[in-house]
1. Rounded to the nearest 5, what % of the DSSP beta bridges within the chain are antiparallel ones?
2. Give me the number: length gained by fully extending residue 200 to residue 22, i.e. 0.36 nm times residue separation minus the C-alpha to C-alpha distance, one decimal in nm.
3. What is the P(r) of segment 130-224, as percent of Cα-Cα pairs per 5 Å bin from 0?
4. Using +1 at the C-beta of Lys and Arg and -1 at the C-beta of Asp and Glu, which of 155, 136, 25 has the Cα lying farthest in the positive direction of the dipole of the chain?
5. Please work out the FRET efficiency for the pair residue 150 and residue 46, using the Cβ-Cβ distance as r and a Förster radius of 30 Å; give the result to the nearest 0.05.
6. Using a Förster distance of 41 angstrom, determine the FRET efficiency expected from the C-beta separation of residue 113 and residue 192, and round it to 0.05.
7. Which lysines, on any chain, are close to residue 43 with Cα under 21 Å apart, when same-chain ones fewer than 8 places away are left out?
8. State, to one decimal in nm², a quarter of the convex hull surface area for the C-alpha atoms of the chain, i.e. the direction-averaged projected area.
Amino acid sequence: MTEATRILVIDDDPKIRAVVRRGLAYEGYRVVEAASGAEGLEKAREHLPSLVILDVMMPGIDGLEVTRRLRAAGDEVAILMLTARDEVKDRVEGLETGADDYLVKPFSFEELLARVHALLRRRSTPGGEVLRFADLEFDVDVREARRGARRIELTTTEYNLLLLFMRHPRKVLTRDIIMEHVWAYDFDGESNVLEVYVRYLRGKLEADGEARLLHTVRGAGYVLKEA
């Protein structure tokens, strides 16, 4: 089971957040809101969205700085900037900072939705996306992993679990984050389904005695990193 695509909306205007939230929720997206740049950065770490819709002109940490910090942390999330400034130099600055697209206010929701669809298509079908970490290679389209020359067959759940870690290497992912992204709903607190699948995945990744890449961080969660 996979979850609806999660979109993070960061804007200090509650009316814009409400309009975007309602429209995207109607289209089937899961929407997370933040009213400031600082809150947005925290929500991005907590929820690992597929797309960020981000206002440029916010007090404190503005949209440009949010984008810089996300990119500096290695986050490749798609970013759509919203701004009241339509000068060419402003659009160029936003794109050079790391945004993927730029939409000038006021905008129609239909245009916003079209931009969202285009960015998510670009992310989900990048034309043979292959993720690499250490000696682990993961072909997203073929749904196949390899360590060196050894091919690793994965179930659907193992695939979704490994994809989450490969998209966020060296980041400690909490149990709640993993459950939300891989299973899309919370199991009872006593359920050990995550631990079971981490054990399955480790067994396949280390079947020929390879070094461990998927580590437990006691009291925090799991992380994909080299020993």
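1. Values: 17 of 35 bridges.
Once the DSSP bridges in the chain are tallied, antiparallel ones form about 50 percent.
2. Numbers: separation 178, 0.36 × 178 = 64.08 nm, distance 3.92 nm.
Fully extending the segment from residue 200 to residue 22 adds 60.2 nm.
3. 2, 13, 26, 27, 19, 9, 4, 0
4. 136
5. Details: r = 35 Å, r/R0 = 1.16.
It comes out at approximately 0.30.
6. On the way: r = 40 Å, r/R0 = 0.97.
The pair residue 113/residue 192 has a calculated efficiency of 0.55.
7. Partners found: 15, 171.
8. Details: hull surface 53.6 nm².
Orientation-averaged projected area of the Cα hull: 13.4 nm².
Read-outs throughout are calculated quantities, based only on the coordinates presented, and are distinct from any laboratory measurement. Please read these numbers as outputs of a predicted model, since none were measured by experiment. Ideal geometry is used to build each Cβ from the backbone, glycine not excepted, and the neighbour counts take in all protein chains shown.
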